[in-house]
Amino acid sequence: MVSVLGGRIYTRRWRDMAATLVESGALGDSELDRSGAEEPRGEGEEDGAQHTSPAGGHSRLAKLPLSRIKALMKADPDLSLASQESVFIIAKATELFVEMIAKDALVYAQQGKRKTLQRKDLDNAIEAIDEFAFLEGTLD
């Protein structure tokens, strides 16, 4: 289904993706327009990914450079094409993963009465949390 709102075309996929990101806390309501749909980016905005917030400032939906994410994805010989949506989702998932492991490692830094994360904090988080078991031995 395609709908036209305010001169912009939105597909059900964009609305569903935006709703999923809002539910997970990855996006705030201010990053969505009034229709509840994420504004699709044009071809030339791949790295910019900036939208104007209601207060007039600019906020990026993806903090990582999408062109580099796409280049890393294309380095996989099994991947022939990477859609703009898939690159965005991989970038957002990567941001959420880094945020999660950093928060868990911060707990160990605070136990050591430090404000700066060190490698040993990441090691402790990887060893203590089952979700990070796949990372064991990667920092060696």
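Could you pull out the residue among Ala82, Ala75, Ala102, Ala91 that is free of Cβ contacts under 8 Å to residues at least 60 places away in the same chain, surrounded by fewer than 16 Cβ atoms within 10 Å (Cβ to Cβ) and closer than 15 Å to Leu64 by Cβ? Reasoning before the result, please.
Working: Ala82 fails: surrounded by fewer than 16 Cβ atoms within 10 Å (Cβ to Cβ); Ala75 fails: closer than 15 Å to Leu64 by Cβ; Ala91 fails: surrounded by fewer than 16 Cβ atoms within 10 Å (Cβ to Cβ).
Answer to the check: Ala102.
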So which residues in the stretch 119-140 are open to solvent by 60 Å² or more (accessible area, probe 1.4 Å), within 29 Å of Met73 (Cα to Cα) and in contact with a Phe, Trp or Tyr (Cβ under 9 Å, 6 or more places away or on another chain), if there are any at all? none
Residue check: is Thr116 among the hydroxyl-bearing types (Ser, Thr, Tyr) and within 20 Å of the chain's Cα centre (by Cα)? no
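Inside the stretch 56-72, can you point out the residues that are open to solvent by 40 Å² or more (accessible area, probe 1.4 Å) and at pLDDT 90 or above?
Taking the stretch 56-72 and keeping what is open to solvent by 40 Å² or more (accessible area, probe 1.4 Å), we get 56, 58, 60, 63-65, 67-68, 70-72.
Of everything in the stretch 56-72, those that are open to solvent by 40 Å² or more (accessible area, probe 1.4 Å) and at pLDDT 90 or above turn out to be Lys63, Leu64, Pro65, Ser67, Arg68, Lys70, Ala71, Leu72.
The values are calculated or read from the model by the stated rules, or taken from the named source; none is laboratory data. Note that the structure is a prediction, hence the values are computed from the model and not measured. FYI the Cβ positions are ideal-geometry reconstructions off the backbone, even for glycines, and counts take in every protein chain you see. For accessibility, only protein heavy atoms count, side chains too; no ligands or nucleic acids. Shrake-Rupley method; radii C 1.70, N 1.55, O 1.52, S 1.80 Å.
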